[in-house]
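The structure under discussion appears below in the form of structure tokens.
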Amino acid sequence: MKKFLTAALAAALILPQGASAQKWEGLAQTPQMGWNSWNKFASNINEQLVRETADVLVEKGLADAGYIYLNIDDTWHGERDERGFITANGDKFPSGMKALADYIHSKGLKFGIYSDAGEQTCACFPGSLGHEYQDAYMYAHWGVDYLKYDWCYTTNINPKGAYKLMSDALRAAGRPILLSMCEWGNSKPWTWASEIGHSWRSTGDICASFEDHQHYDENGNPSWLQLGVLHILDQNAELREYAGPGHWNDPDMLEVGNGMTVAEDRAHFSLWCMMAAPLILGNDLTNMTQDTYDIITNRAVIAIDQDPLGIQGLRFRREGDIEYWFKPLVDGSWAFCVFNRGTEDTAVTVDWEDFCFTDSLSGRSTDFDKVKYTATDLWNAARKPFATRGKVKGLRGNDHSVALSATVPGHDVLVFRLDPVVAGK
Ligand code: GLA
């Protein structure tokens, strides 16, 4: 009885009279950016790690580059109290979540947390099923700004209903909280979730590899498949029509700095930007290489992801292992990416007029036969580590009438920004 009253009252008292719940508008107008504990630390999280990560986000300029959400993933939970309210694990988070949120906010950052629509989270901590309004209320009370909401232990639960319920609960709790849906694309959330959440995972879990990684149980039978960058890319590439400001396809968090080669990290990061994906870092920010830092802070590449038009890029053409991607940007510009998904260095020649096309989704045309663009190479323009990669000929004097000839190393990318030359400038 007490438990029932608490949950129902929270909803009834906080929701303004006559207001029908809807998702918090105005959030994630460009894909959300931040950091999440799972990919690197899994269950090895605690208050000190989170505080140190907050410090680094600010001190190393990552927050300035846009990474403002600091998100704790699974395993932060303690028990529910006698009234059913969730608590934090006191050993891992001795100061409690409110104090941690205050610290994160004092740094100018935002605080994200994790739960699950089922009885338990994927790591078997208490899920939100039956406690949705209580949990949303508690998150708002702590000062949470972002909820990743997972999908383990949800047998016989309707996904749309479950996510709508939490979306309503967050709205009722009165604090703008971004809802990051993590249902792995099982029920095609891109077809129904744009009014409910701010992003939805489009695939299963990523691993720090271009190839998939099969896991086995103790009897040697295949258990679950962790997806490589290529597999995820191919699934997410098909969904571009569903993305837009406030509602993004989420091909999972970044694995930059978690074990792939520098070229692979650069390609992974660039492609996520071409796809207007949420950029949620997943590496140890307190201990990263210069290469990793240079990749995740390449502002010109980040600007592709964060372009206010909010249009997911398209894979325009594939020739063997070479893919050509375009993403329309504001003011008539385009991002252009040549991706080598194979392992061999490959020579490419781009005759620009061969790439004249109209993107039916955005209605934008490249018009290479009519419009002159300046082309900026967004990785080779960078410092030493990149200077020896793929040699680019053509584009001399920023003249697109010269064909682009380049060698794209295996598992690497070239990324250009093409800006139309405006008469008089
Ligand atoms: C699921 C999610 C992951 C991560 C783990 C935590 O697998 O897809 O991103 O949150 O749960 O247990």
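FYI, it's all coordinate maths here, none of it is from the lab. What you are looking at is a predicted structure, and each value in this text was computed from that prediction instead of being measured. Cβ: placed from backbone, ideal geometry, glycine included. Neighbour counts: every protein chain shown.
Pairs 107/160; 40/110; 98/327; 110/372: which exceed 31 Å Cα-Cα?
Table pairs above 31 Å Cα-Cα are 107/160; 98/327; 110/372.
Return the FRET efficiency for the residue pair residue 80, residue 59: r is the Cβ-Cβ distance, R0 is 22 Å, and the value is rounded to the nearest 0.05. The partial results should precede the final answer.
Numbers: r = 37 Å, r/R0 = 1.66.
That pair, residue 80 with residue 59, gives E of 0.05.
GNM on the chain, C-alpha springs below 10 Å: top fluctuator among 312, 290, 22?
The residue that fluctuates most here is 290.
Which of rounded, prolate or oblate describes the range 176-291 when judged by the alpha-carbon gyration tensor and an a/c cut-off of 1.5?
oblate
Need one number: convex hull volume per residue for the range 272-329, Cα atoms only, in Å³.
Enclosed volume per residue, from the Cα hull, is 100 Å³.
Roughly how far apart, in whole Å, are the Cα centres of the range 181-201 and the range 36-63?
Measuring centre to centre over Cα atoms gives 26 Å.
Restricting everything to alpha-carbon atoms, can you work out Rg to Rh for the chain with a Kirkwood hydrodynamic radius? Write down the numbers at each step before the final one.
Values: Rg = 22.4 Å, Rh = 22.5 Å.
Radius of gyration over Kirkwood radius for the chain works out to 1.00.
At 0.36 nm per residue, minus the direct Cα-Cα distance, what do residue 319 and residue 89 gain on full extension? Give it in nm, one decimal, please.
77.6 nm
Once Rh is set to the Kirkwood radius over Cα pairs, what Stokes-Einstein translational diffusion coefficient, in µm²/s, holds for the range 268-371 at a temperature of 10 °C and a viscosity of 1.306 mPa s?
After rounding, the answer is 105 µm²/s.
For the range 32-158, just the Cα atoms, rotate onto the principal axes and tell me the three extents in Å, largest first.
Principal extents (largest minus smallest coordinate, Cα): 45, 27, 24 Å.
What ranking of 323, 132 emerges when the number of other C-beta atoms within 10 Å of each C-beta is taken as an exposure proxy, fewest first?
If I rank by nearby Cβ atoms, fewest first, I get 323, 132.
Work out, step by step, the length gained on full extension between residue 362 and residue 186: first 0.36 nm times the residue separation, then minus their alpha carbon distance; give nm to one decimal.
Working: separation 176, 0.36 × 176 = 63.36 nm, distance 2.72 nm.
Additional length available on full extension: 60.6 nm.
Which values, in whole Å and largest first, are the semi-axes of the equivalent ellipsoid of the range 35-107 obtained as the square root of 5 times each eigenvalue of the Cα gyration tensor?
24, 13, 10
Could you calculate the FRET efficiency of residue 217 with residue 372 from 1/(1 + (r/R0)^6), where r is the beta carbon distance between them and R0 is 51 Å, rounded to 0.05?
After rounding to 0.05, the efficiency reads 0.30.
Provide the FRET efficiency to the nearest 0.05 for the residue 155-residue 98 pair, computing r from the beta carbons and using R0 = 30 Å. Show your work: numbers first, answer last.
On the way: r = 34 Å, r/R0 = 1.12.
About 0.35, to the nearest 0.05.
Starting from a Cα-only point model with no solvent, please compute log10 I(q)/I(0) by Debye for the range 87-167 at q = 0.11, 0.12, 0.15, 0.26 1/Å.
-0.31, -0.36, -0.55, -1.27
Rounded to the nearest 500, what is the 222 nm mean residue ellipticity of the chain from helices alone, with -39500 (n - 2.57) per DSSP H run of 4+ residues and division by all residues?
-7000 deg cm²/dmol
Give me the extension gain from residue 299 to residue 224: residue separation times 0.36 nm, minus the current Cα-Cα distance, reported in nm with one decimal. Write out the running numbers ahead of the final one.
Values: separation 75, 0.36 × 75 = 27.00 nm, distance 3.57 nm.
Extra length available between residue 299 and residue 224 comes to 23.4 nm.
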